[in-house]
Structure formats: structure tokens, C-alpha cells
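Student: I'd like to ask you about the structure that follows.
The values are calculated or read from the model by the stated rules, or taken from the named source; none is laboratory data. Keep in mind that what you see is a predicted model, and the values were worked out from it rather than measured. All Cβ positions, glycine included, derive from the backbone under ideal geometry; neighbour counts span all protein chains shown. Note: accessible area is taken over every heavy atom of the protein model, side chains too, but ligands, DNA and RNA are not part of it. Shrake-Rupley method; radii C 1.70, N 1.55, O 1.52, S 1.80 Å.
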Amino acid sequence: ACTGIENIDEAITLLEQNNWDLVAAINGVIPQENGILQSEYGGETLHGPAYGPASHSAAASSTPSSSSAFRHVVPSRQIVERQPRMLDFRVEYRDRNVDVVLEDNSTVGDIKHILENELQIPASKMLLKGWKTGDVDDSTVLKTLHLPKNNSLYVLTPDLPPPSSSHSGALQESLNQNFMLIVTHREVQREYNLNFSGSSTIQEVKRNVYDLTSIPVRHQLWEGWPPSATDDSMTLAVSGLTFPCHRLTVGRRSSPVQTREQSEEQCTDVHMVSDSDGDDFEDATEFGVDDGEMFGVASSALRKSPMMPENAENEGDALLQFTAEFSSRYGDCHPVYFIGSLEAAFQEAFYGKARDRKLLAIYLHHDESVLTNVFCSQMLCAESIVSYLSQNFITWAWDMTKEANRARFLTMCTRHFGSVVAQTIRTQKTDQFPLFLIIMGKRSSNEVLNVIQGNTTVDELMMRLMAAMEIFSAQQQEDIKDEDEREARENVKREQDEAYRISLEADRAKREAQEREMAEQFRLEQIRKEQEEEREAIRLSLEQSLPPEPKDESTESVSKLRIRTPSGEFFERRFLASSKLQVVFDFVASKGYPWEEYKLLGTFPRRDVTQLDPNKSLLEVKLYPQETLFLEAKE
């Protein structure tokens with residue numbers, strides 16, 4: 001509808017040449033903004049609807065001379081290749097940045113001319129620096145410099161005096177002021193009172209108005225901006241707004257397919273229609289393509305099944321379906337979603353060791369939001385975002401499309417984060433989804449660090465994730481320090497307890513050994529006493545059983561024996577020569593020398609008397625009339 005290209009092969013070729021960037025492909029065919037097509041020979045200018053079937057029929061019915069004077073939009077590779085490249089320049093001058101977009105067949109002087117209007121500085125006073133090929137003059141054609149798509153330059157003005165401090169002070173004061181913008185929505189006749197700081201940009205105002213009116217920035221048609229407000233990146237402080245209150249009117253821009261008179265009328269205030277690259281994702285309907293329908297693929301084909309079943313009993317099963325459906329829609333390069341309940345995600349992210357803890361990212365999906373497809377495919381599935389999330393976050397997801405699932409999440413949110421956070425999410429409009437919540441676990445509660453809405457860019461999303469990580473890292477270092485100190489204290493206490501336990505064990509073992517030794521001594525002493533008592537009893541018994549010692553005047557033969565003990569003592573006794581040798585043994589035993597332990601030896605000749613027959617008489621064993629014997633302990 002926009003380019004008039006109906007050949008699908010030609011359309012795919014154009015997209016491939018522009019790396020499948022739809023807006024770049026269309027700009028490559030229609031490089032001029034607002035539908036203005038330049039004459040191929042620098043002659044007339046054709047405004048308005050130079051696209052669509054009607055324009056082709058009109059072009060075909062024109063005269064040969066007129067048709068050859070204009071570059072018509074036809075599906076031809078040769079014509080596409082002759083289109084000039086569009087170059088983007090960001091020019092820095094003191095505290096200002098000016099964005100300039102020009103064709104590569106323009107000259108350096110053309111850039112200075114634009115900067116002259118923007119900066120109010122004569123072109124002759126400017127020195128444009130930053131060219132990678134060295135200094136250039138005003139007549140240099142940009143095409144000859146072989147520049148990339150995006151370029152950065154800066155302006156020097158050595159012949160101009162620096163701005164006065166009073167002017168800088170006034171500008172700083174304006175930046176700190178708050179402006180009240182009374183914005184009237186033309187179609188519904190409703191007023192919005194919006195407060196913005198002087199440092200806010202016109203683009204930020206338009207984005208906020210989009211949230212209120214659902215009119216994408218590209219489709220907004222404004223009235224009431226000052227003539228000096230020619231750039232959406234301009235701050236309100238320098239835009240010329242009436243302080244403290246300024247009235248504006250916004251309406252929806254009509255469809256691109258319009259009459260030539262309507263096109264000319266709307267092009268009289270071109271700067272009021274934002275054409276920011278940052279809002280390309282809001283502008284699917286401008287090219288005749290509904291949200292959810294692209295290149296002939298209907299929304300029903302993109303959304304075959306819901307992301308999450310309604311009234312799912314098990315959160316883990318619901319997350320499994322969510323992950324599978326997300327992969328089928330947006331591919332396998334996406335964040336790794338935690339499968340399990342929100343409580344389990346908290347446990348995984350917050351309650352491990354301090355070094356292993358992570359931030360929790362909660363992705364809230366909504367199929368009815370116009371931002372969802374672009375946010376998921378271009379932001380959430382970007383490799384840099386996926387990699388950063390996998391390294392530093394536990395990512396949990398929930399689908400807010402169904403009312404039952406929405407109510408269930410709000411209940412969980414109230415329980416874990418409090419009613420304020422739940423109310424904040426409850427008041428979010430559908431077109432503000434999807435949402436990305438960044439949660440940090442603390443000792444006593446869970447803190448929501450950031451709520452990121454779907455109307456963002458990859459760079460802004462990455463910056464906000466990194467900002468959250470900085471806060472988390474600072475807290476994590478404190479937690480690690482506290483945990484290390486606590487573990488050190490516990491280790492000291494554990495070592496002390498272990499040493500005390502070992503000491504108790506040693507004392508108990510020593511005490512038990514002493515008790516065993518004492519018990520053994522007592523037992524041995526008892527045995528010794530029993531043995532002594534037994535010996536004493538035997539000795540007394542033997543002593544009593546001995547026959548009386550014969551007297552000197554006895555008429556019977558008497559043998560006198562002298563016995564030497566191992567200690568050198570001697571004891572003597574007279575025995576009847578007819579007495580048996582056993583009587584001698586009993587006598588020696590009664591003196592404490594039992595024959596089981598001692599042997600009785602004769603001197604001349606040396607012999608062991610205990611080896612003789614104890615039943616023989618002393619006379620028979622030749623211990624008569626006298627004999628000296630000595631005792632010796634057996635081995």
C-alpha cells in the first residue's frame with residue numbers, strides 16, 4: 001500500500017538488501033519524508049499519495065514527458081539501486097546535540113546550512129570537525145567520503161565568544177522549572193494536565209501522550225507548539241513554551257492514503273508530526289498492516305494457542321506451556337524461564353549463599369497489547385539481553401491476558417510485595433504491557449527495584465538492567481562480607497567446640513584408664529591376698545601336721561638337718577631317721593618355702609633332694625645323722 005510493490009519476490013529482495021528492516025526498505029524506495037517524491041531531473045515535486053494502485057494508474061495515464069520527469073515507485077531493482085543513501089549525523093555543539101539526516105548526494109555546506117538554522121550560528125563561523133577522512137570544505141559531496149550510515153561530528157566556533165555565565169544560569173534555571181502542559185485530545189474533547197520538568201524532551205511528552213490517548217507518536221498531529229520547537233529531541237526549557245502553563249492540542253493523523261490537497265495541507269506543519277526512529281514499532285498500521293499481521297500472515301496464525309492455560313492449578317505446568325508457546329512464536333533464543341512457583345523462584349534467587357544469589361526478573365506478558373510482539377522479538381529475545389539475564393537473573397514469567405490469571409498474579413503480588421506494588425500493576429493499562437519487574441531480595445522483605453514498560457528499546461532495557469545490577473552488587477558485597485564474618489565466627493566456635501569435645505574425650509579416656517588400672521590393681525591385690533591367705537592356711541596346716549621334734553635324750557636315731565634359705569638365713573630341726581622325706585618337705589613348706597616353688601639341694605654330693613622319693617626315710621636317702629641343705633627357687 002505504501003510503495004505500490006505487489007510482486008512478492010521483489011518485496012523479499014528489497015527486504016534482504018536492507019537486512020529485513022521494514023522501515024529501512026521502505027525508506028530506500030521512498031527516501032523523502034511525508035510522502036514527497038523528488039523529480040529525477042531536479043524539476044517538479046510530486047506531493048502526497050505517490051504510492052498505491054491509484055498513483056500507478058495516474059502515472060500510467062500521464063503524458064510521456066511528464067512520466068519521464070518523475071521517479072515513479074515501481075518494483076524495479078535498477079530504480080532501487082539508483083536511490084541515494086540516507087546518512088544520519090549527530091552534531092555536538094557545547095551542551096547541545098543536533099540530529100541531521102541527509103542524502104549522500106548533499107554537500108558539507110548543506111549540513112552547515114541546517115546547523116545555521118538550528119544553532120543560530122552563521123555558517124561562515126563554523127568549523128565542522130570529526131570527519132574520518134580529514135578536513136573537508138563546504139563543496140565536498142558526502143558520497144565521495146564513503147561515510148557509514150551513522151556519523152558523529154562536532155562544531156567549533158573559535159571566532160565567537162563563549163556564552164555568558166548569566167545566560168548559562170538562566171538556562172539551568174529553566175531546566176529545573178516545571179511546565180504545566182494542558183493537552184486537549186481533539187477527537188474525544190478531553191483535557192489532560194501534565195507536569196514535566198524543563199529537562200524533559202518533546203519526544204518524552206509525545207510518548208506520554210501516547211500512553212494516555214493510544215495515538216502512536218507517528219500518528220500524532222499537534223497544534224500549539226512554538227515555532228522554535230522544530231526537533232523532538234529539544235528540551236522544553238529551550239523550546240519556547242509559555243511558563244508556567246502552555247496549551248496544546250493533539251489529534252490522530254489521517255491514513256497515508258489521502259488526497260493530494262490533504263497531503264499538502266498536513267505538510268505545512270511537518271515538524272509537528274514526529275518521525276522518530278524510536279517509534280517505528282508503534283507504526284504497523286501506517287503501512288496498512290494490522291498489529292499481528294505482517295506480510296500476509298494473519299494474527300490467528302501468530303497466536304494459535306494462549307501463552308498460559310486459564311485457571312492452571314500447577315504453576316510449573318503453566319510455565320512449561322508458556323515456555324513452549326514463547327519458543328514457537330519468537331524462536332529458541334529467549335530468556336530461560338524458571339519452571340516452578342513464584343515462591344520457588346524466590347528460594348532459588350534469594351536464599352542461597354550470598355555469592356550465589358541473583359536478582360529476580362518477572363516478565364508479565366499480555367497478548368492484547370500492541371507492544372508485545374515487538375518487545376518479545378526485538379528486545380527480550382536480543383542476544384545481549386538473553387545473555388545478561390541468564391548470567392545475573394532468575395527469570396520468571398506470567399501471562400496477564402486472562403482475567404483469572406491476572407487476578408491470581410495480583411494475589412501473589414500482594415502477598416510477596418505488598419498492596420502498593422499490586423495496585424501499581426493493577427492500574428497499568430493493556431497497551432503499557434508487557435511489564436518487566438526487577439526484584440531484589442533483602443533480609444526482611446523483597447524490594448521491587450524497577451518496573452519496565454513495553455515501550456522501550458534494547459539499549460534502554462539493558463541500561464535499566466545494569467542499573468539494577470549495580471544496586472544489587474553493592475548489597476551483595478555487604479551480604480558477602482556479613483556472611484564471611486558470620487562463617488568465620490561459626491568456624492572459630494566450631495573449632496572451639498571440637499577442641500573442647502576432644503579435651504573431654506581425652507579426660508574421659510584418661511579417667512577410664514585410671515579406673516581400669518585401679519580395678520586391675522585391686523583385683524591383683526585381691527588375688528595376692530587370697531593366695532597369701534591360702535599359703536598361710538597351707539603353712540599352718542603343714543605346721544600342725546608335723547610330728548613333734550625329737551628330744552636330745554631320745555633313744556631313737558635322730559637326724560639333724562641344717563637348711564639355708566635364699567636370703568642366707570639358717571634354720572635347724574631334728575628329725576627321726578625313720579621319718580619320711582615328705583616330713584622334711586612339709587617342714588620347709590611350713591617355713592614358707594613350698595616344694596612346688598623351691599627345690600632342696602644337698603651339698604656333698606650336690607643333688608636335688610626334691611627329686612627323690614618322698615616316701616623314703618631320711619636314713620634311706622642318706623640324710624643321717626646330719627646334713628646341710630640349701631633352698632633354691634625353681635625356674
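Student: If one computes the Cα centroid of segment 89-108 and of segment 417-455, what distance in Å separates the two points?
Tutor: Rounded to whole Å, the Cα centres lie 39 Å apart.
Student: As I understand it, the dipole of segment 558-633 uses +1 on the Cβ of Lys and Arg and -1 on the Cβ of Asp and Glu, about the Cα centre. Which of Y624, P614, T565 lies farthest toward its positive end?
Tutor: Highest projection toward the positive end goes to Y624.
Student: Could you tell me the center-to-center distance, by alpha carbons, between segment 507-546 and segment 376-398 in angstrom?
Tutor: Centre-to-centre (Cα) distance: 87 Å.
Student: log10 I(q)/I(0), Debye, Cα-only segment 558-633, no solvent, q = 0.13, 0.16, 0.22, 0.23 Å⁻¹?
Tutor: For segment 558-633 at q = 0.13, 0.16, 0.22, 0.23 Å⁻¹, log10 I(q)/I(0) is -0.31, -0.48, -0.97, -1.08.
Student: Moving on to the next point. Highest mean first, how do 534-546, 369-381 rank when packing is the count of other Cβ atoms within 10 Å averaged over residues?
Tutor: 369-381, 534-546
Student: How high is the relative contact order of segment 319-481, in percent, with contacts defined as C-alpha pairs under 8 Å that are six or more residues apart?
Tutor: The normalised contact order for segment 319-481 reaches 27 percent.
Student: Would you tell me the accessible area of D317, worked out with a 1.4 angstrom probe on the heavy atoms of the protein chains, in Å² to the nearest 10?
Tutor: Here the residue's solvent-accessible area equals roughly 100 Å².
Student: What is the percent carbon and sulfur in the accessible area of segment 558-633, measuring with a 1.4 Å probe over the protein chains and ignoring ligands?
Tutor: Roughly 49 percent of what the probe reaches on segment 558-633 is carbon or sulfur.
Student: Lysines within cross-link reach of K132: Cα-Cα under 16 Å, excluding same-chain residues under 8 positions apart?
Tutor: K132 reaches K143, K149.
Student: Accessible area, 1.4 Å probe, largest first: how do M440, M463 sort?
Tutor: The ranking, largest first, comes out as M463, M440.
Student: Enter the accessible area of K616 (Å², nearest 10), with the probe set to 1.4 Å and all protein chains included.
Tutor: Estimated to the nearest 10 Å², K616 gives 90 Å².
Student: Let me ask you something else. Over segment 86-156, what percent of the accessible surface lies on carbon and sulfur atoms, probe 1.4 Å?
Tutor: Carbon and sulfur: 49 percent of the exposed surface of segment 86-156.
Student: Which of K402/K442; K358/K481; K529/K591; K551/K591; K580/K634; K591/K616 have a Cα-Cα distance over 27 Å? Walk me through the intermediate numbers first.
Tutor: Numbers: K402/K442 31 Å; K358/K481 16 Å; K529/K591 18 Å; K551/K591 21 Å; K580/K634 23 Å; K591/K616 22 Å.
Listed pairs above 27 Å: K402/K442.
Student: While we're here: Going by average Cβ density within 10 Å per residue, which order do the peptides 106-114, 357-365, 244-252, 549-557 take, highest to lowest? List each step's numbers first, then the result.
Tutor: Details: 106-114: 18.0, 357-365: 22.9, 244-252: 15.9, 549-557: 10.4.
Ranked by mean Cβ neighbours within 10 Å, highest first: 357-365, 106-114, 244-252, 549-557.
Student: OK, next. Counting only protein heavy atoms, what percent of the accessible surface of segment 319-481 is carbon or sulfur at a 1.4 Å probe?
Tutor: Carbon with sulfur: 51 percent of the solvent-accessible area.
Student: Computed over the Cα atoms of segment 319-481, what is the ratio Rg over Rh, Rh following Kirkwood?
Tutor: My calculation puts Rg/Rh at 0.94.
Student: Moving on. With every protein chain left in place, what is the accessible area of I26 in Å² (1.4 Å probe, nearest 10)?
Tutor: Probe radius 1.4 Å; accessible area of I26 about 20 Å².
Student: Let me ask another. Given 20 °C and 1.002 mPa s, how large is the Stokes-Einstein diffusion coefficient of segment 78-160 in µm²/s, with Rh as the Kirkwood radius over Cα pairs?
Tutor: On the way: Rh = 13.2 Å.
After rounding, the answer is 162 µm²/s.
Student: Leaving ligands, DNA and RNA out of it, rank V420, V621, V101 by accessible area with a 1.4 Å probe, largest first.
Tutor: Final ranking, largest accessible area leading: V420, V101, V621.
Student: So, one more: Largest first, how would E383, E191 line up by accessible area (1.4 Å probe)?
Tutor: So the residues, ranked largest to smallest area, are E383, E191.
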